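The values are calculated or read from the model by the stated rules, or taken from the named source; none is laboratory data. Computed from a prediction, not measured in an experiment: that's the story for all the values here. Every residue, glycine as well, gets a Cβ built from its backbone with ideal geometry; the counts of neighbours run over all protein chains shown.
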Amino acid sequence: MSLSDFLFALCREGHSRPPPMVLVLCQGTPTSDGEALETWAFDPHMFRLHGSRSDERETVHQGDLATSRKLEGRVAIVTGSSRGIGREIALTLGSNGASVVVVYQGHEDKAHEVVELIKINQSGKAIAVRADVSSEEDVKAVFDKAEEAFGKIHILVNSAGILLPLYARLDDTSVEDWDRVFSVNTKGSFIASREAAKRLVRGGGGRIVNISSSVVAMLTPGYGAYAASKAAVETFTKVLTKELKGRRITANVVAPGAVATDMLFAGIDANVVVPGAVATDMLFAGIEATVQRIKALNPFERLGEPRDIAALVLFVVSDEGEWMNGQVIRADGGSEV
Ligand SMILES: NC(=O)c1ccc[n+]([C@@H]2O[C@H](COP(=O)([O-])OP(=O)(O)OC[C@H]3O[C@@H](n4cnc5c(N)ncnc54)[C@H](OP(=O)(O)O)[C@@H]3O)[C@@H](O)[C@H]2O)c1
């Protein structure tokens, strides 16, 4: 068991909720002036360890250590949360007190890992449910299982999505590929949003967040099918916002720029692996070069990270985010400006 797992287990022992912070004496004993005491401040909710010496205890980053249970009592379904952005969103909602339904398609092991992290490390409740989001039956079953496990559902985040790593121009896009992308990205978000509109709690706290992409604004060549599939999501979400009038359920879109996940790197990989290419350092340098190009376009000169998006989603689904409604929030560090 790792130190952090041990600490989380310790925090859970005898507490229905973990204490906000635990100070662990890791090594050494206080000298007469107390300076040799080594401490670790451990935040069970944020899953972080902060080292500090006793003589600097006042300088421990209290801001970082501040915990929040703002979603206590809320139930959240996060599709595509076995990996990438969805995973981080599930962990973040879990660490803020929500009971989370981790929806996955192929990576059962990774989905269970997320569930365990929420349960053990964040002292929350979570279950994993397999579903193909493009199947009405599967999505209904997700909502059924969520209600069985946790009761009324408050939050739906649709993060499941695919990007065919071919970067085909439209004149090279097959109807099969077009349909595949729309089936998961558009139909999947539609089916789950429709179910949410019927079943989310009414009268306050209901939230739908659909994940789109900044390529809808950037209109990058090679992303025709993908961008169109996400543009449709942005449009129906705005219509849904109006149709939800009177229920106090908000519906928004969060549209990330390039985020360092499997999807991004799979895309870059395939982009450089052209027919006839030979697997040499020169070829793989192409991946690095592409990442550098993406970074260079960004005012922060870095890729987005899943936590950049999860932090925004947390705000949108929280009570403080209620006035944010019917919006497409492009979160790309300014790449698109
Ligand atoms: N990464 C980026 O640069 C970026 C930028 C803009 C927007 N986005 C959008 O952000 C969202 C998340 O992307 P990501 O980068 O986190 O992708 P990712 O790392 O490839 O993860 C995709 C997730 O979607 C799930 N999924 C795929 N097809 C599914 C289906 N038919 N039914 C249910 N689940 C399915 C996968 O489940 P399994 O692994 O269990 O199969 C996985 O959990 C997507 O909507 C994507 O379009 C990503």
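Would you check if there is a residue in region 233-247 being outside any strand (DSSP E or B), within 16 Å of the ligand (Cβ to nearest atom), of a type in the set (A, V, I, L, M) and modelled with pLDDT of 95 or more?
There is at least one residue in region 233-247 that is outside any strand (DSSP E or B), within 16 Å of the ligand (Cβ to nearest atom), of a type in the set (A, V, I, L, M) and modelled with pLDDT of 95 or more.
Just checking, how many residues over region 185-224 are touching a Leu at 6+ places or on another chain (Cβ under 7 Å) and either within 9 Å of the ligand (Cβ to nearest atom) or part of a helix (DSSP H, G or I) (or both)?
Going through region 185-224 one residue at a time, the tally reaches 5.
Inside region 297-337, can you point out the residues that are over 21 Å from the mean Cα position of the chain (by Cα), more than 16 Å from the ligand (Cβ to nearest atom) and modelled with pLDDT of 85 or more?
Listed by number, the residues that qualify are P299, E301, W323.
Give me a count of the residues in region 92-147 that are β-branched (V, I, T), part of a helix (DSSP H, G or I) and within 13 Å of the ligand (Cβ to nearest atom).
Just the residues of region 92-147 that are β-branched (V, I, T), to begin with: 92, 100-103, 114-115, 118, 120, 127, 129, 133, 139, 142.
Narrowing further to those that are part of a helix (DSSP H, G or I): 92, 114-115, 118, 120, 139, 142.
Within this subset, residues satisfying the condition of being within 13 Å of the ligand (Cβ to nearest atom) are 114-115, 139, 142.
Total satisfying the criteria: 4.
Which of the residues that make up region 138-150 are closer than 14 Å to K125 by Cα and either buried (at least 21 other Cβ atoms within 10 Å of the Cβ) or touching a residue at least 12 places away in the same chain (Cβ under 8 Å) (or both)?
K145, A146, E147, A149, F150, listed by residue number.
Quick check on my filter: what residues within region 151-184 are closer than 18 Å to V317 by Cα and either within 14 Å of the ligand (Cβ to nearest atom) or surrounded by 21 or more Cβ atoms within 10 Å (Cβ to Cβ) (or both)?
I153, H154, I155, L156, V157, N158, S159, A160
Restricting the search to region 149-178, which residues are in a helix (DSSP H, G or I), touching a strand residue (DSSP E or B) at 6+ places or on another chain (Cβ under 8 Å) and not aromatic (F, W, Y)?
A149, the sole residue that qualifies.
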